[in-house]
Amino acid sequence: MSDNTPSRGAPLVVLDVDYVRGAFELVLVNIGTAVANDIRVKFTRALVGAGENVITDLPIFEHLRTLRPDKEVRVFLDAAATLFGRRKTNTFGAAVTWRDPTGK
């Protein structure tokens with residue numbers, strides 16, 4: 001088993017970007033096999049979305065109490081045309097942390 005593969009009974013939370021019907025969404029999903037607790041996402045820079053809202057400041061990214069296996073949270077970022085029309089860089093990094101049911 002590789003270091004990136006969840007062990008039996010372990011959560012594995014990832015942040016992805018999804019393109020749906022002309023818009024981008026941030027997707028926080030637990031692809032592991034156990035409940036993830038105290039999930040936090042730290043971004044390398046602020047992401048400005050629709051209405052000039054700072055998406056990365058949303059409380060869901062600061063602390064999500066629980067995320068069960070195979071469950072996800074989707075956050076609308078912006079329409080593709082608007083996002084690309086800003087002429088700013090669209091690259092970012094994110095670190096996702098969580099605790100397993102034992103507190104690790």
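The values are calculated or read from the model by the stated rules, or taken from the named source; none is laboratory data. Remember, it's a predicted structure, so these values are computed and weren't measured experimentally. Calculation scope for accessible area: heavy atoms of the full protein, side chains included, ligands and nucleic acids excluded. Shrake-Rupley method; radii C 1.70, N 1.55, O 1.52, S 1.80 Å.
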If the chain between residue 53 and residue 90 were fully stretched, how many nm would it gain, using 0.36 nm times the residue separation less the Cα-Cα distance?
11.8 nm
Relative frequency of Cα-Cα separations exceeding 21 Å in the chain, percent
38 percent
Keeping all protein chains in the complex and leaving out DNA, RNA and ligands, what accessible area do you get for residue 74 with a 1.4 Å probe, in Å² to the nearest 10?
100 Å²
How far, in nm, would the chain grow between residue 62 and residue 99 when pulled straight, counting 0.36 nm per residue and subtracting the alpha carbon separation?
11.9 nm
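From the helices alone, meaning DSSP H stretches of at least four residues, give me the mean residue ellipticity at 222 nm for the chain, per-run term -39500 (n - 2.57), in deg cm²/dmol to the nearest 500. It would help to have the intermediate numbers written out before the result.
Working: 2 runs with 10 residues, N = 104.
Dividing the helical sum by the residues of the chain leaves -2000 deg cm²/dmol.
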